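The values are calculated or read from the model by the stated rules, or taken from the named source; none is laboratory data. Note that the structure is a prediction, hence the values are computed from the model and not measured. Counting neighbours? That spans all protein chains shown, and the Cβs are built from the backbone with ideal geometry, glycine included. With ligands, DNA and RNA removed, areas are computed over all heavy atoms of the protein, side chains included. Shrake-Rupley method; radii C 1.70, N 1.55, O 1.52, S 1.80 Å.
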Amino acid sequence: MGVRLGRLTRRAEFLRVAGGRRWATPGLVLQVRPRMPEARDADAEARIGFTVSRKVGKAVERNRAKRRLRAAAREVLPMHAQPGLDYVIVGRRQTLDRPYAALVGDLREAMKRLRAWRAAEPEAAS
């Protein structure tokens, strides 16, 4: 069973996370910051936000980059995000052309480098 995922929606939340740890890969930049010490318990949710600047391209390209980042996050974060952490994934120009498997690998690598990776629990035998 994975962790619940919430969304970062307000600019102030994104700016707060930007002050935390970050790791850049060819396809994305991951920023991570703990929400509060008391929010690190096992039933707290992890929150995620996505952003792509105008440097990446016009609106169509930025939206495509965000869709690709959301898909990669849907694959990785439910099983490996740590409760109580806020994650911001920042798109880069290479997000558009990078193979999807490499994008997922970039996200996994950044999470491990920032110590924001949680090993998946083994499947319970039924």
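Rank ALA116, ALA101, ALA81 by mean-square fluctuation in a GNM of the chain with C-alpha springs under 10 angstrom and give only the top-ranked residue. Comparing ALA116, ALA101, ALA81 in a Gaussian network model of the chain, the most mobile one is ALA101.
The apolar share of the surface of the chain, taken as the fraction of accessible area on carbon and sulfur atoms (1.4 Å probe, ligands and nucleic acids excluded), comes to 53 percent. Using a simple spin-label model with pseudo-atoms 7 Å out from Cα toward Cβ, MET79 and LYS55 lie 3.3 nm apart. Peptides 88-96, 14-22 ranked from most to least packed, by the mean per-residue count of other Cβ atoms within 10 Å: 88-96, 14-22.
Amide H contacts of TRP117 (H built 1.01 Å from N, in plane; Pro and chain starts excluded): no residue 5 or more places away or on another chain comes under 5 Å. Taking 0.890 mPa s as the viscosity and 25 °C as the temperature, the Stokes-Einstein diffusion coefficient of the chain based on its alpha-carbon Kirkwood radius rounds to 167 µm²/s. Placing R0 at 30 angstrom, the Cβ-Cβ distance between ARG16 and ALA101 gives a FRET efficiency of 0.40 after rounding to 0.05.
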